[in-house]
Structure formats: structure tokens, C-alpha cells
1. Going by the structure shown, is residue 269 closer than 24 Å to residue 172 by Cβ, outside any helix (DSSP H, G or I) and in contact with a helix residue (DSSP H, G or I) (Cβ under 7 Å, 6 or more places away or on another chain)?
2. Which of the numbered conditions does residue 148 fail, given that it passes all the others? Conditions: (1) of a type in the set (A, V, I, L, M, F, W, C); (2) in a helix (DSSP H, G or I); (3) touching a strand residue (DSSP E or B) at 6+ places or on another chain (Cβ under 7 Å).
3. For a quick check of your reading of the model, give me the residue pairs whose first member lies in the stretch 102-115 and is within 13 Å of residue 82 (Cβ to Cβ), whose second is among the acidic types (Asp, Glu), with beta-carbon atoms closer than 6 Å and at least 6 apart or on different chains.
4. Go through (1) crowded, with 16+ Cβ neighbours inside 10 Å; (2) at pLDDT 95 or above; (3) part of a loop (DSSP other than H, G, I, E, B) for residue 276 and report which single condition fails.
5. Mind checking whether some residue in the stretch 235-242 is more than 29 Å from residue 47 (Cβ to Cβ) and among the polar types (S, T, N, Q)?
6. So which residues in the stretch 51-78 are surrounded by 18 or more Cβ atoms within 10 Å (Cβ to Cβ), out of contact with any Lys or Arg (no Cβ under 7 Å at 6 or more places or on another chain) and not β-branched (Val, Ile, Thr)?
7. Which residues, counting only those in the stretch 63-107, are in a helix (DSSP H, G or I), within 14 Å of residue 150 (Cβ to Cβ) and touching a Ser or Thr at 6+ places or on another chain (Cβ under 9 Å)?
8. Against the definition (surrounded by 21 or more Cβ atoms within 10 Å (Cβ to Cβ), at pLDDT 95 or above and in contact with a helix residue (DSSP H, G or I) (Cβ under 9 Å, 6 or more places away or on another chain)), how does residue 7 come out, yes or no?
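The values are calculated or read from the model by the stated rules, or taken from the named source; none is laboratory data. The structure displayed is predicted, hence computed values, not measured ones. Ideal geometry is used to build each Cβ from the backbone, glycine not excepted, and the neighbour counts take in all protein chains shown.
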Amino acid sequence: MQYRTLGKTGFNISTISLGTWQVGGKWGSGFDHDLAQSILRSAIDQGVNFIDTADVYEAGESEQAVGKAVRESGERIYVATKCGRQINPHVSEGYTPKALRGYVEDSLKRLGLEQIDLIQLHCPPWEVYYRPEIFGLFEDLKAEGKIAHLGVSVEKVEQAMKALEFDNVASVQIIYNMFRQRPEEHFFEAAKAKNVGIIVRVPLASGLLTGKFSKSSTFGAGDHRHGNRNGEWFDKGETFAGIPFETGLEAVDKIEGFLPEGYPLTHAALQWILRRPEVSTIIPGAPRAEQVDSNMAAAGAVPLSDDVLKKIQGLYEADIKPLVHQLW
């Protein structure tokens, strides 16, 4: 495993870490705590020391599982969670210091930890970025020892840029992958200048960039890859990076043709992200322990050649960019 610094936090964290939206099983399948512990232990055993969760993942069960694994590990594991998405309707007016404080304190109880290493606002509405009292709350929580640092998870590059205006924002979590390249245009440079860590989520485009799907693939009724393709549940950019499923399949076929024989597509997708030194860590999910193994192996894979990178860029410019580039 390799490690990089998470911006101004100073945390030295694994370049490939673990996202826990699916840690208890596939989306919509319910939560299996034994499976969650198996996945978490596998990741920690392979050098992962940064785990990302959220209070809304399986109604807090993900946080409970993460807390248990971290407490039992005996290792220094950095825990990041998120708050704000419990607000319903999810509008700026629901964001109050009192509500957010309550969410943070509830997360601490579920995690069973004395302090949250990184608390992140969970894709807040645009108006929240113009309310300094919301960001100020986390300075109070930091002074009280309940959190160490504040971050923001965003949907759009513009939100990421706005978040950088707050000096206490130590990290930004953003979608970045072969199909979502816009963050590298301006945001990466701006984040580096502010010493803000970059956490990359949805690195495999909801599984498209594993190469395991086909036109006949189906997803459960509770899986956002079934029910959110047009943004029915939340921002459609969270699902398959916002591109039509069939378009993604065609692009994947082409990318696999660019790669050396025997080079797994998952490794290529993660190595493509790691080529950027501004990225602190990637947080792929894993509904099975075996998938953790595959993701972790990508950290030591041979970097992609300039020729392969050029071909991937050409495909993006021709087939993907017109569909997504200016939307997120």
C-alpha cells in the first residue's frame, strides 16, 4: 500500500481506501454485519487506514460497523463520516447549527469513538455555501474535541471551488474517474494551492469501470443503478457517472481494447486516478471481501503508459465529454 497526505489534516492515509456505502452488502439488499466486518477487516489487514462512511448509509448501520472494526483493529485508522442528508426535505433551511450538532453527536455514539477524524457536509444544497454560520459550527465542535477536521462532499465542481473559500475546509470529496474528468481542469490546482485534500468517490462509475456488466445485467429494485438512472432518487451524476448505461458499456469495451493483455480494467481505472498527485485517496466501495482484494491490488499495478492514457483521453473527448462535462 502507498500513502499520501490528506491536505492540511496532515493525515498520512492509504491511496486506495474504503468507502462503505455497500459494506453490508449490495445496494438495496439489507445490511449484513458479519459481511461488513469481513470486508472491513480485509481492508485494514491490507494496509487501509482511512474509511469513509455516512450517517445515512443503511440508517447508521454502516457507522456502527465501521466503529466496531476500528475499535477492534488496534491500528490507527482514520474515520470520515458525513452529515446533512438526513434533512428532509434536503434544503438549505434545514441546515441549522443545532441540527448538524445533533447529527455529529449521534454519529459519535454509533461509531463509539471519542472524536471523528473528518466530518463532511454531505452534498449540501448550494445555498449552504453562502452561510458561514454553518461552517463556523464545526470550529466549535473542533474546539470541543468532537471532530478533528471538516470536509465537504460535493456534486459539482463549482461547489468544490466554493468550499475552498472556507479556511476550515480540510478536504473535498468529489466524483472523478475516466468518465468524469472536469475536476482536473481547475479544481485540482486550486485545492493544491489551498492545501485541501482530495478524496475521490465513485471511481469505478458505479461498477461500470470494472468491466463486469453487459446489456443483460440487472440490478435490484433498491439499487440506485436500477432506480436512479434519470435522477429519480437523487442527482443522476451519482449513478454511472451520469452517462447512459449503454454508452458506458460501449466505452468500456473500447478502453479494455486499449489495455495490455491481462491488465484488469479495475486496476486501470484506479491507476488512471492515481496518476494525479493532487488526489489524496480513492474510496471505492466493496460489497464483498474479494472486491477489496482487487481494489487493493490496483495500488501496486504498473502505471498506465502514455499511449494508453492518450487513447483514453481521445475516447473521453469524442464519446463522453459532450454528455457530462459541463453538468458536474
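1. In short, no.
2. Evaluating residue 148 over (1) of a type in the set (A, V, I, L, M, F, W, C); (2) in a helix (DSSP H, G or I); (3) touching a strand residue (DSSP E or B) at 6+ places or on another chain (Cβ under 7 Å) leaves (2) as the failure.
3. 103/55; 107/55; 107/63; 110/63; 111/63
4. Among (1) crowded, with 16+ Cβ neighbours inside 10 Å; (2) at pLDDT 95 or above; (3) part of a loop (DSSP other than H, G, I, E, B), the lone unmet condition for residue 276 is (1).
5. yes
6. Once the filter is applied, which keeps residues that are surrounded by 18 or more Cβ atoms within 10 Å (Cβ to Cβ), out of contact with any Lys or Arg (no Cβ under 7 Å at 6 or more places or on another chain) and not β-branched (Val, Ile, Thr), the stretch 51-78 yields 52, 57, 58, 61, 62, 65, 78.
7. 104, 107
8. So residue 7 fits the description; yes.
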